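Have a look at the structure below before the remarks.
The values are calculated or read from the model by the stated rules, or taken from the named source; none is laboratory data. Note that the structure is predicted; figures quoted are calculated from it, not measured. All Cβ positions, even for glycine, are placed from backbone atoms using ideal geometry, and neighbour counts span all protein chains on display.
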Amino acid sequence: TPLHITASRGFGDCLRHLLCHGAEVDFAPGGKTALHEACEHSQADCVRLLLSYGANPNSVSEDGYTPLHLCSAQCPRPLLLCAEHLLDFGGQVGKRTEDKGDSALHVAARFGLEEHVRLYLGRGARVDLTNESGETPLHAACSQPHSEGDMERYHTVCRALMDRGAPACAMDGESRSPLHLACRNANHRVVTLLLQAGADVNLMDYGANAPMHYALQAVAYTLPLQPERSVKALLNYGAILTVSVCSDCQCV
């Protein structure tokens, strides 16, 4: 609709004109409201304008997302303003997506968005909330593959979550801890952080894989990230090296 187009493109004056002349603020003919469109396209001024005209900050799109979930994606700074506006107008930080059960904190952690994570934590987001896969936000942060340049950002996100009590030993639906996932992505800084917090270095997932298995499997495709540093950290914290022989595990 004209309302959706103006909101997504940041045409504030046109948007105000439409709203003043009776445009239905929460009309969602294609499964999304104008507020979803404004958030998805980082139009913070339009987000605030729509909210001031009564847009529902917790409306759910056809895909099962609230506007706040769409603020936890790329282009972090403008979307941070959108998220702040939504929360100021009653957006619920704990709302989950209908498909995966992710909270906004899960999504922000997965994208390594430090400021979003701090914002949501400051507004009461739960660090122990699990999605449909049994993942906490800390799992989400550790699960995302990233480049060498993003290692510090993800380390900061994980530390922020753990400073608020995120459990380092929580297990997802496959019995994987955040340490398993951090080892898979060869972020040695996060691996060390989790070990210092008491993560079980020899915990087996349902596939009988310990964090060391993930760290060794990652060597082939994460060389720029220096995966050997994760292996060293695991050994320093007592990792037991095992090999599987005819389905029996023998220590070597």
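Only a single item in (1) touching a His at 6+ places or on another chain (Cβ under 9 Å); (2) in a helix (DSSP H, G or I); (3) buried (at least 18 other Cβ atoms within 10 Å of the Cβ) is not met by R153, and it is number (3). Which members of region 16-69 meet the condition of being among the β-branched types (V, I, T) and either surrounded by fewer than 16 Cβ atoms within 10 Å (Cβ to Cβ) or assigned to a loop (DSSP other than H, G, I, E, B) (or both)? Within region 16-69, V25, T33, V60, T66 meet the criteria. Taking residues in region 173-187 that are in contact (Cβ under 8 Å) with a residue 12 or more places away in the chain and closer than 12 Å to L234 by Cβ, and partners anywhere that are of a type in the set (G, A, S) and in a helix (DSSP H, G or I), the pairs with Cβ atoms closer than 8 Å and at least 6 places apart or on different chains are A182/S230; C183/A215; C183/A218; C183/S230; A186/A215; A186/A218; A186/S230. Taking region 215-235 as the range and being polar (S, T, N, Q) and in contact (Cβ under 8 Å) with a residue 40 or more places away in the chain as the test, the residues that pass are Q226, S230.
Taken over region 202-223, residues that are part of a loop (DSSP other than H, G, I, E, B) and over 22 Å from D128 (Cβ atoms) amount to 10.
Yes or no, residue by residue, for (1) at pLDDT 95 or above; (2) under 18 Å from A141 (Cβ atoms):
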{"position": "D45", "(1), (2)": "yes, no"}
{"position": "S59", "(1), (2)": "yes, no"}
{"position": "E62", "(1), (2)": "no, no"}
{"position": "T66", "(1), (2)": "yes, no"}
{"position": "A83", "(1), (2)": "yes, yes"}
{"position": "L86", "(1), (2)": "yes, no"}
{"position": "L119", "(1), (2)": "yes, yes"}
{"position": "A125", "(1), (2)": "yes, yes"}
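Of all the residues that make up region 24-71, how many are under 23 Å from the mean Cα position of the chain (by Cα) and among the aliphatic types (A, V, I, L, M)? Residues flagged as under 23 Å from the mean Cα position of the chain (by Cα) and among the aliphatic types (A, V, I, L, M) within region 24-71 amount to 7.
Scan region 58-101 for residues that are hydrophobic (A, V, I, L, M, F, W, C), touching a Ser or Thr at 6+ places or on another chain (Cβ under 7 Å) and farther than 23 Å from F27 by Cα and the total you get is 1. The set of residues from region 173-197 being closer than 18 Å to A215 by Cβ, part of a loop (DSSP other than H, G, I, E, B) and not hydroxyl-bearing (S, T, Y) comprises E174, R176, N185, A186, N187, A197. Of the residues in region 73-80, at least one is over 17 Å from the mean Cα position of the chain (by Cα) and either at pLDDT below 95 or among the hydroxyl-bearing types (S, T, Y) (or both).
Of the residues M171, M212, the single one that is at pLDDT 95 or above, more than 19 Å from A141 (Cβ to Cβ) and out of contact with any strand residue (DSSP E or B) (no Cβ under 7 Å at 6 or more places or on another chain) is M212.
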